[in-house]
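Below is one structure, written out as structure tokens, with a few remarks after it.
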């Protein structure tokens with residue numbers, strides 16, 4: 001179809017971002033061969049830092065310092081003035097039948113997201129106006145709208161990192177040329193995304209093999225029932241279940257929630273991080289191979305710049321800290337909505353009268369914990385010490 005489209009339009013060149021996922025190199029070679037056969041040019045534009053032009057980094061902080069020391073990314077170009085957009089004869093987006101029909105599992109996604117470049121600009125400007133200033137302090141809060149929600153738009157190329165970088169710098173730089181704390185924290189997150197691509201380009205096996213080789217000997221468990229409870233949001237830990245249900249319904253969860261559920265899977269349940277990474281790739285609207293792989297390895301402790309093995313999140317304390325009013329849990333675990341805080345984060349510890357008044361019978365309306373935190377923590381520490 002691409003060869004036919006080049007012939008139909010008489011296009012002299014194809015312009016595209018360079019890909020860094022393993023399969024994209026092969027795709028670019030195939031496109032290059034098609035272009036050559038039609039006397040057209042393929043022009044690929046690398047990311048902000050060209051991985052081949054700098055030494056490989058295995059730790060984020062030096063990488064980020066190199067980014068900040070390098071020249072700023074170029075300003076976004078103006079929208080091209082094109083009289084018409086080419087379309088293959090007889091083909092429309094609807095004709096590809098990409099959307100589900102029965103069952104319509106995409107209903108929650110459709111209600112939550114509006115794809116497209118025009119739609120992507122609105123959350124960018126809204127976040128800059130309403131969320132950027134407090135981002136450094138509020139980004140972990142789950143009981144409010146503190147995340148930018150730009151990751152799907154970045155993943156699908158509806159916004160570029162350059163656009164986000166320049167928009168944030170323009171809005172948050174003072175007269176002395178200094179960024180405020182919120183903007184610095186946010187751009188650092190953008191830097192982690194770039195770092196993940198840097199790692200993927202240098203070490204393609206990061207998608208399935210631990211960067212730290214000793215983790216190949218880690219005593220992971222095969223526990224289908226526990227894995228199914230995690231996927232369904234039925235672990236008995238409300239903050240974990242709320243996040244997993246939000247993921248299934250909307251294709252998204254905030255970064256803090258991702259860390260909580262990932263830690264629970266690999267450290268409470270000792271289920272391999274690759275299993276969790278696969279589920280995220282299947283369910284996240286921003287499912288990004290580089291960022292997903294690097295982040296799961298970070299949580300598991302097997303990656304670069306990884307969290308220390310003894311950092312095992314207590315899901316109750318995480319809920320109380322980042323969902324202090326319990327609103328996030330009430331939204332996604334409605335069977336617990338009438339419980340007061342802090343009972344809502346540990347319903348198995350709630351007084352019987354509080355459970356009765358909230359209409360909750362553990363094991364009936366909401367599951368009991370599938371694993372005891374203290375027992376799971378001790379088991380995980382023992383497993384890590386074997387390495």
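For residue 176, the requirement of being surrounded by fewer than 15 Cβ atoms within 10 Å (Cβ to Cβ), free of Cβ contacts under 8 Å to residues at least 12 places away in the same chain and part of a loop (DSSP other than H, G, I, E, B) is met. Among the residues of segment 288-313, those identified as buried (at least 17 other Cβ atoms within 10 Å of the Cβ) and not in a helix (DSSP H, G or I) are 288, 301, 302, 303, 304, 305, 306, 307, 309, 312, 313. Considering (1) surrounded by 15 or more Cβ atoms within 10 Å (Cβ to Cβ); (2) in contact (Cβ under 8 Å) with a residue 24 or more places away in the chain, say which one residue 354 fails and leave the rest. That leaves (2) as the condition not met.
Let's see how each residue does on (1) crowded, with 18+ Cβ neighbours inside 10 Å; (2) more than 28 Å from residue 311 (Cα to Cα); (3) in contact (Cβ under 8 Å) with a residue 40 or more places away in the chain:
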site	(1), (2), (3)
350	yes, no, no
358	yes, yes, no
364	no, yes, no
367	yes, no, yes
371	yes, no, yes
383	no, no, yes
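The residue of segment 33-84 that is surrounded by the fewest Cβ atoms within 10 Å (Cβ to Cβ), among those that are over 23 Å from residue 160 (Cβ atoms) and at pLDDT below 85, is 83. Assessment of segment 355-368 against the conditions (within 19 Å of residue 260 (Cβ to Cβ), in the same structural domain as residue 221 (by TED's automatic domain parsing), outside any helix (DSSP H, G or I) and at pLDDT below 95) yields no matching residue. Filtered by the rule that a residue be part of a loop (DSSP other than H, G, I, E, B) and either farther than 15 Å from residue 109 by Cβ or without any contact (Cβ under 8 Å) to a residue 24 or more places away in the chain (or both), segment 139-157 gives 139, 140, 141, 142, 143, 144, 145, 146, 147, 148, 150, 157. Residues that are part of a loop (DSSP other than H, G, I, E, B) and over 19 Å from residue 282 (Cβ atoms) within segment 103-138 comprise 114, 116, 131, 132, 133, 134, listed in sequence order. Of the residues making up segment 238-259, those that are touching a residue at least 40 places away in the same chain (Cβ under 8 Å) and in a loop (DSSP other than H, G, I, E, B) are 251, 252, 254.
The values are calculated or read from the model by the stated rules, or taken from the named source; none is laboratory data. For clarity, every value in this text was computed on a predicted model and none was experimentally measured. All Cβ positions, glycine included, derive from the backbone under ideal geometry; neighbour counts span all protein chains shown.
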